[in-house]
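A.B. asks: Before I ask anything, here is the structure I am working with.
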Amino acid sequence: MEVITGRRDFQIGEPTVVTIGKFDGRHKGHQKLLREMLRLKAEKGLKAAVFTFDKAPMAAMSCAPRTVITTNEERRSKMAGMGMDYLVEYPFDSQTAHMTPEDFVARILAGRMNARAVVAGTDCSFGYRGEGDAALLKRLAPRYGYEAVIVEKAQDEHRDISSTYVREELDQGNIEKANALLGEPYAIHGRVVHGNHIGGTILGFPTANILPPPEKHLPPFGVYVSRVLVDGREYCGVTNIGRKPTVSGDSPVGVETFIMGLDADLYGKSIEVQLLNFERPEQKFASLEELKHRIEKDKEYAAEYFRRMKNQ
């Protein structure tokens, strides 16, 4: 997959089927759009191209920090894994924000992206103040030589599946519900860094530490049953998200995982931590011995969780 990021002067020479959106989380609603793209790609012999922005429009236009379920790096990995041919991360700034909807269609979709088909949701919006919508996309199709395919929203319990819905469930620690909406486990990617080594040298539980980027939307601090991907292999794990209050309450927010059945030097390796089940909130213990006892219970909880899942 070719990633075109932060550029206005790109040009895709091959005819494409395009979809537009933020694609934060790549939840089941997004997947519905992307599957329709892949269908058209195969049927019409087009290349599949995703249009999004290099930063979320709300974050770009606001001074308040805004987090994302899926970072740009994570989104690239997921899109490549689905078989997309192009991912365009267009620069979002004042110039972009003031582009009229028809200019966006003419200059970007039909022009730069060489669109022969455009797939969008019923609630799509584009152009200045989001004034472009699905109806306009269909109305402009004959003029600019593409087929407009409008896809109904995916729903869960009579509610549209959206990034906002996923974020709400994450914020409540409802990991299993969030995963159901995503259609896959919520994941945190990162490179393993050195921690304080207390896990391995004092507690006897060597762990892998990653530091999520500040824009990553995290669930509540606490302990989670997890699945860890290392070099293409899956391992069961127990993950703590938070600041390690028993050891050092002012640590940066980190993701620390005990990986079952793996005793290897992971420093510098990129790993993926998938959260499967929320066990308990992060807490401060009176001593390292008390913390060690609690971690033993966390490991037992995780082992029992995986036994139940295996027998289902």
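A.B. asks: Leaving out ligands, DNA and RNA but keeping every protein chain, what accessible area does ASP265 have, in Å² rounded to the nearest 10, with a 1.4 Å probe?
C.D. replies: For ASP265, the solvent-accessible surface is approximately 110 Å².
A.B. asks: Which lysines have a Cα less than 28 Å from the Cα of LYS22, not counting those fewer than 8 places away in the same chain?
C.D. replies: In chain and number order, the partners are LYS32, LYS41, LYS44, LYS47, LYS55, LYS78, LYS138, LYS153, LYS177, LYS216.
A.B. asks: How much length, in nm to one decimal, is gained on full extension between GLU215 and GLU43, taken as 0.36 nm per residue of separation minus their Cα-Cα distance?
C.D. replies: 58.1 nm
A.B. asks: How far is helix 28-44 tilted off the main Cα axis of the chain, in degrees rounded to 10, range 0 to 90?
C.D. replies: Taking the Cα atoms of the chain, the angle to 28-44 is about 50 degrees.
A.B. asks: Could you sort CYS236, CYS124 by their accessible area in this structure, using a 1.4 Å probe and putting the largest first?
C.D. replies: Numbers: CYS236 50, CYS124 20 Å².
Final ranking, largest accessible area leading: CYS236, CYS124.
A.B. asks: Toward the positive end of the charge dipole of segment 115-184, about the Cα centre and with charges on Cβ (Lys, Arg +1; Asp, Glu -1), which of SER162, GLY121, LEU182 goes farthest?
C.D. replies: GLY121
A.B. asks: Now for a different question. Place a point 7 Å from Cα of SER94 in the direction of its Cβ. Which residues in segment 106-139 have their backbone N less than 17 Å from it?
C.D. replies: Output list for this probe position: 128-129.
A.B. asks: Could you please put HIS217, HIS98 in sequence from largest to smallest accessible area, using a 1.4 Å probe?
C.D. replies: Accessible-area ranking of HIS217, HIS98, largest first: HIS98, HIS217.
A.B. asks: While we're here: Take GLU184, project a point 7 Å from its Cα along the Cβ direction, then tell me which residues of segment 18-59 have their backbone nitrogen under 17 Å from it.
C.D. replies: Counting only backbone N, you get 22-39, 49-51.
A.B. asks: Here is a further query. For the chain, what proportion of DSSP beta bridges, expressed in % and rounded to the nearest 5, is antiparallel?
C.D. replies: So the antiparallel bridges in the chain amount to around 60 percent.
A.B. asks: What distance in nm separates the simple spin-label points at ASP54 and ARG35, each placed 7 Å from Cα in the Cβ direction?
C.D. replies: In this crude label model, ASP54 to ARG35 measures out at 3.4 nm.
A.B. asks: Here is a follow-up. Taking the Cβ-Cβ separation of ARG294 and MET260 as r and a Förster radius of 22 Å, what is the calculated FRET efficiency to the nearest 0.05?
C.D. replies: Given R0 = 22 Å and the Cβ-Cβ separation, E is 0.85.
A.B. asks: Next question, about the same structure. Kindly provide the helix-only [θ] at 222 nm of the chain, computed as the sum of -39,500 (n - 2.57) over DSSP H runs of four or more divided by all residues, to the nearest 500 deg cm²/dmol? Don't jump to the answer; show the numbers that get you there.
C.D. replies: Details: 8 runs with 89 residues, N = 312.
Computed mean residue ellipticity for the chain: -8500 deg cm²/dmol.
A.B. asks: Does segment 7-162 classify as rounded, prolate or oblate by the C-alpha gyration tensor (a ≥ b ≥ c root eigenvalues; a/c under 1.5 gives rounded; else a/b over b/c gives prolate, otherwise oblate)?
C.D. replies: Judged from the Cα gyration tensor, segment 7-162 comes out rounded (a/c under 1.5).
A.B. asks: Please give the charge dipole size of the chain, origin at the Cα centre, charges +1 on K and R Cβ atoms and -1 on D and E Cβ atoms. Round to the nearest 20 debye.
C.D. replies: Numbers: 43 positive and 43 negative charges, 111 e Å.
Rounded to the nearest 20 debye, it is 540 debye.
A.B. asks: Work out the FRET efficiency for GLN312 and LYS177 from their Cβ-Cβ distance, taking R0 = 22 Å, and round it to the nearest 0.05. List each step's numbers first, then the result.
C.D. replies: Numbers: r = 17 Å, r/R0 = 0.79.
According to the calculation, E is roughly 0.80.
A.B. asks: Using a/c under 1.5 as the rounded threshold, could you call segment 266-312 rounded, prolate or oblate? The axes a ≥ b ≥ c are square roots of the C-alpha gyration tensor eigenvalues, and prolate needs a/b larger than b/c, oblate otherwise.
C.D. replies: Oblate shape, in that a/c is at least 1.5 and b/c is the bigger or equal ratio.
A.B. asks: Order SER125, SER287, SER251 by their accessible area, 1.4 angstrom probe, all chains in place, largest first.
C.D. replies: Values: SER125 75, SER287 50, SER251 25 Å².
Ranking SER125, SER287, SER251 by accessible area, largest first, yields SER125, SER287, SER251.
The values are calculated or read from the model by the stated rules, or taken from the named source; none is laboratory data. Computed from a predicted structure; not experimentally measured. Note that each Cβ is placed from the backbone with ideal geometry, even for glycine, and that neighbours are counted across all protein chains shown. Calculation scope for accessible area: heavy atoms of the full protein, side chains included, ligands and nucleic acids excluded. Shrake-Rupley method; radii C 1.70, N 1.55, O 1.52, S 1.80 Å.
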